[in-house]
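The values are calculated or read from the model by the stated rules, or taken from the named source; none is laboratory data. In this text the structure is predicted, and so the values were computed from the model without any measurement. Here the Cβ positions follow ideal geometry from the backbone for every residue, glycine too, while neighbour counts run over all protein chains shown.
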């Protein structure tokens with residue numbers, strides 16, 4: 001296993017100054033060696049005052065009989081684990097806007113990474129920011145460069161954890177023969193996240209982190225996962241604050257019956273049609289054959305364009321996910337007294353429409369209906385197709401492609417964020433809503449995408465690279481310092497506000513107020529009316 005690091009500043013007079021200007025408080029005896037965990041000693045790498053520990057196993061490799069099984073604890077090791085390099089990514093098709101048969105990663109992939117300024121004995125324990133990556137539950141990794149926690153740890157005065165979890169059919173395959181004693185099925189990837197949270201609870205103090213002050217945050221599928229963890233009885237007590245970035249938790253979970261039907265079809269296609277022998281048969285197939293023989297999606301959009309019913313998603317199994325997330329949030333059945341930040345980006349749809357052919361109004365109308373029908377079938381939701389076309393007419397946008405992008409933004413991201421805020425504020429003491437509008441400067445071929453899906457991550461982690469494209473500028477850097485300060489201050493106190501930044505008000509459902517995050521951030525009201533009002537009526541409040 002392995003490790004790597006980057007920067008920190010020195011000392012600061014106060015936490016507020018530290019968070020806003022990139023310094024941190026306390027004098028540390030910076031030593032990254034021989035950190036004692038429950039499984040053995042770990043040594044990392046010191047760079048500019050931050051220790052990084054990469055590729056720490058938090059569970060046993062899910063191979064052989066552990067494929068399609070809940071995670072089990074990693075075995076202890078002798079000597080010292082040199083955590084200098086990231087562990088394997090989980091098996092996946094690499095991120096692509098277009099279909100690809102390429103496969104990367106390994107089944108031996110349950111590793112996490114930690115960035116911390118010092119050992120526990122050197123100072124007061126620091127808040128922990130536990131990040132869950134996105135990727136549609138199909139790709140991604142806690143090792144992506146954009147998630148490097150060095151600057152977030154140093155400027156935010158926090159301990160950062162990023163993780164891998166099983167993806168696609170390895171993480172979310174459901175089949176009647178794999179029903180567990182408690183009635184649960186599938187959701188291996190979600191249980192991986194909980195196992196990583198349990199590892200954090202049991203070990204993070206050795207890295208200087210406070211196990212009683214853990215903020216879970218994630219983007220896209222990671223944001224959805226944060227929401228699912230909030231409604232799951234399996235994760236009670238493992239976290240204390242939450243940040244949901246572009247995570248439409250109301251969607252993207254499917255009933256167990258539907259997912260098991262998909263599993264039976266996939267198993268038959270893989271040559272394992274007999275239910276009784278399916279476990280042994282499916283565990284004997286190579287990872288590559290499993291991926292290619294019953295693919296989930298081969299691109300960001302192909303789950304409903306090319307892959308038919310082979311969609312691997314969180315399963316509403318009555319155990320990890322007791323009921324539909326939409327119903328659970330509507331009735332207030334989720335972790336209480338957990339401060340929450342919720343939000344999305346102004347141009348969420350641009351990332352997903354880049355590869356779509358939408359040159360005419362007819363193509364726009366047909367695509368809206370066909371995509372909506374497919375998603376409604378997969379995730380068992382009802383969609384008013386005529387209503388969506390009426391409230392998102394192509395004539396109100398410069399081009400049909402921009403119309404689709406705007407529709408997707410509101411239906412899939414901005415309005416679900418507003419609806420979730422309205423539902424949570426009934427039970428949570430603190431809910432903060434945002435809309436991120438800073439289009440990254442200098443992003444080459446992405447320059448016309450605006451504040452696209454996932455673009456805020458560069459500003460949260462202060463790492464200006466996306467899909468191999470670097471985009472660092474004066475405005476980007478200044479905006480990032482403010483957003484990093486908001487996020488990390490929230491991890492410290494449950495309130496993102498600190499001196500020197502615009503005041504972020506608590507969400508008020510009467511005002512529909514939110515923080516607009518840009519070079520010049522400000523509070524605004526009337527969040528996406530009347531579009532979200534209509535979607536509330538037909539999707540979220542009926």
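Of note:
- Residue check for residue 106: more than 17 Å from residue 222 (Cβ to Cβ), out of contact with any strand residue (DSSP E or B) (no Cβ under 6 Å at 6 or more places or on another chain), at pLDDT below 95 and surrounded by fewer than 24 Cβ atoms within 10 Å (Cβ to Cβ): no
- Considering region 339-447, the qualifying helices (runs of 4 or more DSSP H), each wholly inside and each with 3 or more residues that are more than 26 Å from the chain's Cα centre (by Cα), free of Cβ contacts under 8 Å to residues at least 24 places away in the same chain and within 29 Å of residue 257 (Cβ to Cβ), run over 385-391.
- The lone criterion from (1) outside any helix (DSSP H, G or I); (2) closer than 25 Å to residue 144 by Cα; (3) more than 24 Å from the chain's Cα centre (by Cα) left unmet by residue 523 is number (2).
- Among the candidates 61, 94, residue that is outside any strand (DSSP E or B), surrounded by fewer than 23 Cβ atoms within 10 Å (Cβ to Cβ) and within 20 Å of the chain's Cα centre (by Cα): 94
- Qualifying residue in region 496-505 (condition: modelled with pLDDT of 95 or more and within 22 Å of the chain's Cα centre (by Cα)): yes
- Checking each residue in region 205-238 for being crowded, with 24+ Cβ neighbours inside 10 Å and farther than 29 Å from residue 313 by Cα picks out 207, 208, 209.
- Within region 150-243, helices (runs of 4 or more DSSP H) holding 1 or more residues that are at positive phi and in contact (Cβ under 8 Å) with a residue 12 or more places away in the chain: 168-172
- Note on region 507-523: residues that are under 13 Å from residue 435 (Cα atoms) and surrounded by fewer than 13 Cβ atoms within 10 Å (Cβ to Cβ) amount to 2.
- Among all positions in region 473-487, there is at least one residue which is in a loop (DSSP other than H, G, I, E, B) and either in contact (Cβ under 8 Å) with a residue 24 or more places away in the chain or more than 25 Å from residue 412 (Cα to Cα) (or both).
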